[in-house]
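Below is one structure; the comments refer to it alone.
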Amino acid sequence: MFADTSFSDAVWPLAMLLALAIDRWWGEPAARWHPVVAIGRYLSFAGQLIAPPSGAARARPFVLGALAWCLGAGVVAALAWGAAWAVASWVWWLQVLVLGVLLKPLLAWRMLRDEVRAVESALAVSLEAGRTRLSWLVSRDVAGLDAAQVRESAIESLAENLNDSVVAPLFWFAVAGLPGAAVYRFANTADAMWGYRGQRDGRDWTWAGKWAARADDVLSWLPARITGALLALPRAWRCRRAWFAQARLTPSPNSGWPMAAMALTLGVRLAKPGVYVLHPQGRLAQPQDTGRALRQAARVVAMLAAACGLWALLAWGGAA
């Protein structure tokens, strides 16, 4: 089987559409086949080697963290490149099928949507149930959160992870193919597991995780702003000054952009106690706001799918 070059330009957008469709209908693959699970195992193993039990040293854990990150990212990129190269000479529709299947585990809209819904459903049972379910979704301490704060945290996580789990993987696939999406997913997972300041699980990550945190910041910089703009549509231009100002209030250089857009669009305040408050003039989040936030995020996913479809049609038309 050889590639049909007439349709080669449409392969990538069609693969992105297929990945979104697989996510919509089937969700996540089994853990034993999931590449992000394998990435997590590597990061867990390497983390025990790079992070010291105290924060006295700086250079050694930083260098070890950088080397371990580069090694893992290099292996992930090589495997993804090898898979893409292996199918490059196949007929176009088989390329779409294989690339779409391989791309799917690197994005996760359905799981994100279901987890946020589950927090709201748990809150309807009890505050404690809502806190417990939220702890599956965020790394912050949830013990002292009231119902509104639990809801705010879930909506924040939805906005932030819409970028990390959907927009950014698709962006990097569009830019650099399967290796781009795979390296981004590695970087984002490494930041989630290593990108801490101070002690966690008996080890100090201040310097050991610094490279991972900065790498994720760089790779997420543009996608996060695209995510925020898509969430804010059609108000993005009118509310741009407030959006720009609010987005800079978070410690992360990227997470504030989609979270501030979500806060302004919904008209609610979103806060992390003792750290930041986004759109402080907004009202407290109500149960219906979770549904509104999910619909807003779903519209972003639909816009991405439409953009992929248009890209494929233009590529197909240009080849005709």
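Here Ala10 clears all of (1) in contact with a helix residue (DSSP H, G or I) (Cβ under 6 Å, 6 or more places away or on another chain); (2) within 23 Å of Ala77 (Cβ to Cβ) except the condition numbered (2). Considering only residues in the stretch 133-154 that are surrounded by 18 or more Cβ atoms within 10 Å (Cβ to Cβ) and in contact (Cβ under 8 Å) with a residue 40 or more places away in the chain, the one that is farthest from the chain's Cα centre (by Cα) turns out to be Leu145. Among the residues of the stretch 264-279, at least one is in a helix (DSSP H, G or I) and without any contact (Cβ under 8 Å) to a residue 60 or more places away in the chain. The set of residues from the stretch 238-258 being crowded, with 16+ Cβ neighbours inside 10 Å and not hydrophobic (A, V, I, L, M, F, W, C) comprises Gln246, Thr250, Ser252, Asn254, Ser255, Gly256, Pro258.
Identification of helices (runs of 4 or more DSSP H) wholly contained in the stretch 33-135 with 2 or more residues that are under 22 Å from Arg200 (Cβ atoms) yields 35-50, 59-87, 127-135. The residues listed here are Trp81, Trp69; of these, the one that is closer than 14 Å to Ala212 by Cα, of a type in the set (Phe, Trp, Tyr) and under 23 Å from the mean Cα position of the chain (by Cα) is Trp69. Considering the conditions (1) within 20 Å of Leu67 (Cα to Cα); (2) part of a helix (DSSP H, G or I), Ala208 is excluded by exactly one of them, (2).
One residue stands out among those in the stretch 269-295 that are of a type in the set (Val, Ile, Thr) and over 18 Å from Val119 (Cβ atoms): the one that is surrounded by the fewest Cβ atoms within 10 Å (Cβ to Cβ), which is Val275.
Since every read-out is calculated from the coordinates, none of them should be taken as a lab result. Everything numeric in this text was worked out from a predicted model, so none of it was measured. Methodologically, a virtual Cβ is constructed for each residue, glycine included, from the backbone with ideal geometry; neighbour enumeration extends over all protein chains shown.
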